[in-house]
Amino acid sequence: MSQSSTYTLGEIAESLQLECVGDPSLRINGLGTLASADSHQLTFLANPKYQKQLADTKAGAVILHRDLAAGTDLPKLLSDNPYLSFARATALFDDTPSPQGIHPSAVVAATAQLGKGVSIGANVVVGEHCRIGAGSALHPGVALSDNVQIGEGCVLFPGVTVYHRVKIGNDVRVHSGVVIGADGFGFAPSGGAWNKIYQLGGVQIGDRVEIGAGTTIDRGALDDTIIGNDVIFDSQVLIAHNVVIGDGSAFAGRSAVAGSTVIGKQCTVGGGAGIVGHLTIADRVHVTACTLVTKSITEPGASFSSGTPMMPTSDWRKSAVRFSQLDSLSKRLGEIEKLLNKNSGN
């Protein structure tokens, strides 16, 4: 669909499986916030703290919870989860352009297998023995090496590079600048130099994965790097070789996971966080922004944080000095405790 598409409120209600209260014939041509929407747009109220804006909105209709329905006379769609309903509504008005057919400048190997309705943009390269599932789209400048498998309904945006023997599932979106299957950081020291360890594994990516711009997912050294179903990556995330990530996990921008770490299902990793290699992270663990994880986390559902909260620079400098003194202070405290125990006769 595109933003030029219009729907009646009743059609949107049917598509989203929501109850419609008000005129179902109202024409809707887009989405907007409570503050910016006009009379032909649909808005939503997901956070009660914005309820005051509901009285002043100029939107044509609103998605909201039935408990808040009495707060407006606007036509409305009633939802148990308004934010999720809004997310699903965005698909109706998505205006992302897509290549159509196979562009004459594309280079597609004779051994490649293309499913029904595959679209390939300008200057795309598809290597030997690749398989691309039905309805997938490769935007301009995408490069697939040999023996790449891509499932159905996938979208690879301009400039994506996929190395050899990478397997991608169905309904995966890969944004510009992503590199999947590059060599992991594997070298053996040799007399002051470094001897390369060639990376012989591959990458497996599950279904409904979204990979943000500039993210890199390295191939395995021997076994594959594995990304589960429904995993989402923000921009500029680094996933090193032989990492395994469970279903439904999420990684914010500039987070990084070092080699051979296994991360469970439905974990979240905040922006700028780092996880060192060869660890195991339990299911549903939450790592907040800029945290450095240096040991395995075995408790499911646990939350971990590190780093220094923001403070005035002058205070931070004093705290940094005190931090460097903690070891000596600890030793001095230990000596004092020994002396007190000795004097008390314990």
Any hit, the stretch 333-341, residues being touching a Ser or Thr at 6+ places or on another chain (Cβ under 8 Å) and open to solvent by less than 90 Å² (accessible area, probe 1.4 Å): no
Qualifying positions in the stretch 157-212 - over 17 Å from Gln236 (Cβ atoms), among the hydrophobic types (A, V, I, L, M, F, W, C) and touching a residue at least 24 places away in the same chain (Cβ under 8 Å): Val166, Ile168, Val172, Ile197, Val203, Ile205
Output for the stretch 41-55, where each listed residue is within 27 Å of the chain's Cα centre (by Cα) and either open to solvent by less than 70 Å² (accessible area, probe 1.4 Å) or closer than 21 Å to Asn29 by Cα (or both): Leu42, Thr43, Phe44, Leu45, Ala46, Asn47
Residue match in the stretch 58-65 (condition: open to solvent by 20 Å² or more (accessible area, probe 1.4 Å), over 29 Å from Val155 (Cβ atoms) and either touching a residue at least 24 places away in the same chain (Cβ under 8 Å) or in a loop (DSSP other than H, G, I, E, B) (or both)): yes
Close pairs (6 angstrom Cβ cut-off, 6 or more residues apart or separate chains): closer than 20 Å to Ala134 by Cβ in the stretch 104-117, open to solvent by 70 Å² or more (accessible area, probe 1.4 Å) anywhere: Ala109/Glu128; Thr111/Glu128; Thr111/His129; Gln113/Arg131
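Based on this model, can you work out whether Leu78 counts as farther than 25 Å from Arg165 by Cα, touching a Leu at 6+ places or on another chain (Cβ under 9 Å), open to solvent by less than 20 Å² (accessible area, probe 1.4 Å) and free of Cβ contacts under 8 Å to residues at least 40 places away in the same chain? Steps first, answer last, please.
Details: farther than 25 Å from Arg165 by Cα: yes; touching a Leu at 6+ places or on another chain (Cβ under 9 Å): yes; open to solvent by less than 20 Å² (accessible area, probe 1.4 Å): yes; free of Cβ contacts under 8 Å to residues at least 40 places away in the same chain: no.
So Leu78 does not fit the description; no.
With the stretch 182-246 as the region, which strands (runs of 3 or more DSSP E) entirely inside it contain at least 1 residues that are open to solvent by 10 Å² or more (accessible area, probe 1.4 Å) and of a type in the set (Ser, Thr, Tyr)?
Details: elements: 187-190, 193-196, 203-205, 225-227.
The qualifying strands (runs of 3 or more DSSP E) are 187-190.
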Selected residue (criterion: farthest from the chain's Cα centre (by Cα)) from residues of the stretch 133-149 that are among the aliphatic types (A, V, I, L, M) and open to solvent by 10 Å² or more (accessible area, probe 1.4 Å): Ala134
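The values are calculated or read from the model by the stated rules, or taken from the named source; none is laboratory data. Computed from a prediction, not measured in an experiment: that's the story for all the values here. Note that we place each Cβ from the backbone using ideal geometry, even for glycine, and neighbour counts take in every protein chain shown. The accessibility values were calculated without ligands, DNA or RNA, using every heavy atom of the protein model including side chains. Shrake-Rupley method; radii C 1.70, N 1.55, O 1.52, S 1.80 Å.
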